[in-house]
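Q: Submitted below is the structure of interest, expressed as structure tokens.
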Amino acid sequence: MFLFLVSVGMSLIFGVTRIVNLAHGSFYMVGAYLMVTLVELLPERPWSFWLALLLAPLGVALLGGLIEVGLLRLIYRRDPLMQLILTFGLILVIGTLVLIAWGPDNKSVSRPEVLAGSVRVFGQPFPSYYLLVLVLAPLVALGLWLIFYRTRWGMLIRAATVDREMLGALGVDVSALYTQVFVFGSWLAGLGGALAAPTVAVAMGMDGDVLTTAFVVVVIGGLGSFAGSFVSALLVGLLQSFGILVFPAISIVLLFALMAVVLVVRPWGLFGRAEE
Amino acid sequence: MTAHAPRVAGAIVLVLALTPLALPPFFLQLLTEIAIVGLFATAFNLLMGFGGMVSFGHAAYFALGAYAAALLVKKAGVPMLLALPVAPLVAAAGALLFGFFIVRLTHTYFAMLSLAFAQIVFTVIFKWKTLTGGDDGLLDVWPPAPLKSPATYYYFTLAVVGICLLALHAVVSSPFGYALRAVRESPRRARFIGVDVRRHQLVAFVLSGFFSGVAGALFAFYNGSVFPDFAYFPKSFEPLVVALLGGVQSFFGPLAGAFGFKILEWLISRQWPVYWPLALGGIVVLVIVVLPGGFVGLLGSRRWRARPSA
């Protein structure tokens, strides 16, 4: 689920702007850290967790917007590899800034009171927070689908992934669309991080972990494909969970081997389109 | 190369040879590291600058060289002077195996598959505790006595790096090197005139892997130990940043970049170790946005510039 949010944002950004945003994992991390701070700062009320969940992704979206307008916009016309390297530089910058702002210690976010306990599912205790995540996942997927396929904005995004020049020639402000998409993608990563915060230790290095996995998800699913991200996030999630049970030592190798196979057989991913 | 290049090279060699007499050992270590990083970045730039292929996983070959050297010495009891030339062959073999798949792809996908293979190498090193020591690495792989002192190891590194750079320069100036530039400029046209594009790319990949392996092996003996970090992805970005700093269009750009990179690293991490990644990332961002030609490009030195497609 968290993986899906991060990957779909990354995939969306690539689809429209042709930038592989390596800093996407950092956005996820910033989302989680903002969640930590907001939950601490806000008064202890039943609604404060939800307010934090609303605000943290918005903060990340703002950060994404600043980066897009301040840096990426300057280099869209350059070699795609330069863009890749630039976003890598951002990983280091954001990672260090987070370290300076929040310090090296692990943080945790307590779950909201309503969801702190567990419920019994088939006789097994099951943390209710995960239930929220399970409910939210299809909702977010549905929401994204509605946005992409039922709104004018979604249509523009899909048009941009097919042919940006033509879209620009038809009078659409492509530059503004880039910014919107980048902000939206960052928001999704921030949401992923904010939602994940109560389930994991919020720590340095979570950017790299999520980036490598999201990267695999996006490549397997096909860069720029919405359905691809969904299916392959599921696939990778399952592979990770069962891989750890069956071959604990090599589950990560398994993941990258799968990605290597997909890249060789279908370089554009399972659901992507071939490029020329 | 122009007529006074040999004189410039001679002057540089003289300065480097006399340095140990003038500087405290610390700077020798810094210079040794610069030489090793310079070789690593130059090997990397054979792909990026001359072949137009950006690898995001060159740490794999650096680590293969370093681990092969360490394992040969520690587990097989091979003398260091024999391990040093053998270890890069292991890196080259790895580059051949992975490169076979990687050169089938282009641009972004090329970069990503190379990264994927490097992550596999990292994971294998990290998990295979009985052979590689896992997270603890392999310790105590110092070279034998005469080479152990910073000054002798400095000369030794300079000599090995010098030989490798000459070899790489020969590759770049050979017909193969020019065919490689043709492949960079236009794979399709290169194919029309009869260049086997994939084979040229693969050969370049293997050569680059080999010399990255030399850098790795040199570093293993310099450091006296090897760690899985050598294969981790930030390491893969080191030659990239160095080459970018120095300028990817010239053969000597990465060497200049190595100087700048290491000296900056030393200056910054000495005072504020925490800020080093911030500075590094900031430099990368700045170089890309402001200085596309790197520092050598800034000097406007067109002398050593790789001429596009001969």
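The values are calculated or read from the model by the stated rules, or taken from the named source; none is laboratory data. No experiment lies behind these values; they were computed from the predicted model shown. Counting neighbours? That spans all protein chains shown, and the Cβs are built from the backbone with ideal geometry, glycine included.
Q: Could you check the stretch A:2-118 for helices (runs of 4 or more DSSP H) lying wholly inside it with 2 or more residues that are within 14 Å of chain B (Cβ to nearest Cβ) and of a type in the set (Val, Ile, Thr)? First the steps, then the outcome.
A: On the way: elements: A:2-17, A:24-41, A:48-70, A:80-102.
Answer list for the stretch A:2-118: A:2-17, A:48-70, A:80-102.
Q: Sticking with this one: Looking at A:179, A:213, which is the one that is more than 24 Å from residue A:137 (Cβ to Cβ) and either acidic (Asp, Glu) or in a helix (DSSP H, G or I) (or both)?
A: Working: A:213 fails: more than 24 Å from residue A:137 (Cβ to Cβ).
Only one candidate qualifies: A:179.
Q: Go through the stretch A:96-136 and report how many residues are without any contact (Cβ under 8 Å) to a residue 60 or more places away in the chain, of a type in the set (Gly, Ala, Ser) and within 30 Å of residue B:269 (Cα to Cα).
A: Counting residues in the stretch A:96-136 that are without any contact (Cβ under 8 Å) to a residue 60 or more places away in the chain, of a type in the set (Gly, Ala, Ser) and within 30 Å of residue B:269 (Cα to Cα) gives 1.
Q: Given the residues A:254, A:191, which is the only one that is assigned to a helix (DSSP H, G or I), within 14 Å of chain B (Cβ to nearest Cβ) and in contact (Cβ under 8 Å) with a residue 12 or more places away in the chain?
A: Details: A:191 fails: within 14 Å of chain B (Cβ to nearest Cβ).
Being assigned to a helix (DSSP H, G or I), within 14 Å of chain B (Cβ to nearest Cβ) and in contact (Cβ under 8 Å) with a residue 12 or more places away in the chain holds for just one of A:254, A:191, which is A:254.
Q: Can you find, within the stretch B:104-153, the residue that is farthest from the other protein chains (Cβ to nearest Cβ) among those that are of a type in the set (Ser, Thr, Tyr) and within 27 Å of residue A:265 (Cβ to Cβ)? Break it down into steps so the answer makes sense when it comes.
A: Kept after step one, since they are of a type in the set (Ser, Thr, Tyr), are these residues of the stretch B:104-153: B:106, B:108-109, B:114, B:123, B:130, B:132, B:149, B:152-153.
Going one step further and asking which of them are within 27 Å of residue A:265 (Cβ to Cβ), we end up with B:106, B:108-109, B:114, B:123.
Details: B:106: 9, B:108: 6, B:109: 5, B:114: 10, B:123: 5 Å.
For the stretch B:104-153, the residue satisfying everything is B:114.
Q: Within the stretch B:89-103, track down each residue that is among the aliphatic types (A, V, I, L, M) and facing chain A (nearest Cβ under 10 Å). Show your work before the answer.
A: The first filter runs over the stretch B:89-103 and keeps only residues among the aliphatic types (A, V, I, L, M), leaving B:89-93, B:95-97, B:102-103.
If the condition is that a residue be among the aliphatic types (A, V, I, L, M) and facing chain A (nearest Cβ under 10 Å), then B:102 is the only one that fits.
Q: Could you tell me whether the stretch A:45-63 includes any residue that is surrounded by fewer than 24 Cβ atoms within 10 Å (Cβ to Cβ) and under 17 Å from residue B:281 (Cβ atoms)?
A: Of the residues in the stretch A:45-63, the ones surrounded by fewer than 24 Cβ atoms within 10 Å (Cβ to Cβ) are A:45-55, A:58-59, A:61-63.
Applying the additional criterion that residues be under 17 Å from residue B:281 (Cβ atoms) yields A:63.
Yes: one or more hits.
Q: In the set A:71, A:51, A:66, A:42, which member is under 24 Å from residue B:108 (Cβ atoms) and more than 16 Å from the chain's Cα centre (by Cα)?
A: Details: A:51 fails: under 24 Å from residue B:108 (Cβ atoms); A:66 fails: under 24 Å from residue B:108 (Cβ atoms); A:42 fails: under 24 Å from residue B:108 (Cβ atoms).
Every option except A:71 fails the conditions.
Q: Hey, another quick one. Could you pull out the residue among B:105, B:165, B:113, B:139 that is in contact with a Leu (Cβ under 8 Å, 6 or more places away or on another chain) and modelled with pLDDT of 85 or more? I'd like the intermediate steps shown before the answer.
A: Details: B:105 fails: modelled with pLDDT of 85 or more; B:113 fails: modelled with pLDDT of 85 or more; B:139 fails: in contact with a Leu (Cβ under 8 Å, 6 or more places away or on another chain).
That would be B:165, the only listed residue that is in contact with a Leu (Cβ under 8 Å, 6 or more places away or on another chain) and modelled with pLDDT of 85 or more.
Q: So, one more: With the structure loaded, tell me whether residue A:38 is touching a Leu at 6+ places or on another chain (Cβ under 6 Å) and on the phi < 0 side of the Ramachandran plot or whether it fails that test. Give the steps one after another, and end with the answer.
A: Details: touching a Leu at 6+ places or on another chain (Cβ under 6 Å): yes; on the phi < 0 side of the Ramachandran plot: yes.
So residue A:38 fits the description; yes.
Q: On to the next question. Of all helices (runs of 4 or more DSSP H) completely enclosed by the stretch B:162-276, which ones contain at least 3 residues that are under 14 Å from the mean Cα position of the chain (by Cα)?
A: Those helices (runs of 4 or more DSSP H) span B:197-223, B:233-246, B:253-271.
Q: Now for a different question. Which condition breaks for residue B:210 when tested against (1) in contact with a Pro (Cβ under 8 Å, 6 or more places away or on another chain); (2) more than 30 Å from residue B:74 (Cβ to Cβ)?
A: Going through (1) in contact with a Pro (Cβ under 8 Å, 6 or more places away or on another chain); (2) more than 30 Å from residue B:74 (Cβ to Cβ) one by one, residue B:210 breaks only (2).
Q: For residue B:269, all conditions in the list (1) at the interface with chain A (Cβ under 9 Å from one of its Cβ atoms); (2) among the small types (Gly, Ala, Ser); (3) surrounded by fewer than 18 Cβ atoms within 10 Å (Cβ to Cβ) hold save one; what is the number of the exception?
A: It fails just one condition, (1).
Q: Further question on the same structure: Of these, A:172, A:218, A:261, which one is surrounded by fewer than 19 Cβ atoms within 10 Å (Cβ to Cβ), among the hydrophobic types (A, V, I, L, M, F, W, C) and within 12 Å of chain B (Cβ to nearest Cβ)? Steps first, answer last, please.
A: Details: A:172 fails: within 12 Å of chain B (Cβ to nearest Cβ); A:218 fails: surrounded by fewer than 19 Cβ atoms within 10 Å (Cβ to Cβ).
A:261 is the lone residue from the list that is surrounded by fewer than 19 Cβ atoms within 10 Å (Cβ to Cβ), among the hydrophobic types (A, V, I, L, M, F, W, C) and within 12 Å of chain B (Cβ to nearest Cβ).
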